[in-house]
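Below is one structure, written out as structure tokens; the observations come after it.
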Amino acid sequence: MKSVAALLGIGLLVIVGKAAYGADNPAGEAQSLFEKKCSACHSTSRTTSQKKTAREWERTVLRMKNGYGAPMSDEEARAVIDYLAKNHGE
């Protein structure tokens, strides 16, 4: 009985810990994706110092992906566009 209570307690700590530290943090994942994919060719500070509308970020990211061959899937491009528009948009 004590081992069941201990396991339940550990399980609860894991669940609470994930919630507290944002294990499923799309914004953090998108920022990390941006840093990984875009910094291969650009300094991230150069990119994030620009303020663009969501549509302008979309054009920019898709131009990098489709025109210059930036290695990212359509889903990754959408995540980067959304991240830039939300955090570095006009």
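Some points to look at:
- Rounded to the nearest Hz, the phi-derived 3J(HN,Hα) couplings of segment 25-41 under the Karplus curve 6.51 cos²θ - 1.76 cosθ + 1.60 (θ = phi - 60°) are 10, x, 5, x, 5, 5, 5, 4, 4, 4, 4, 5, 7, 8, 6, 5, 10, where x marks glycine and proline.
- The ellipsoid equivalent to the alpha-carbon distribution of segment 25-87 has semi-axes of 14, 13, 12 angstrom, derived from the gyration tensor eigenvalues as √(5λ) and listed largest first.
Where a number appears in this text, it was derived from the coordinates with a stated rule and is not lab data. Computed from a prediction, not measured in an experiment: that's the story for all the values here.
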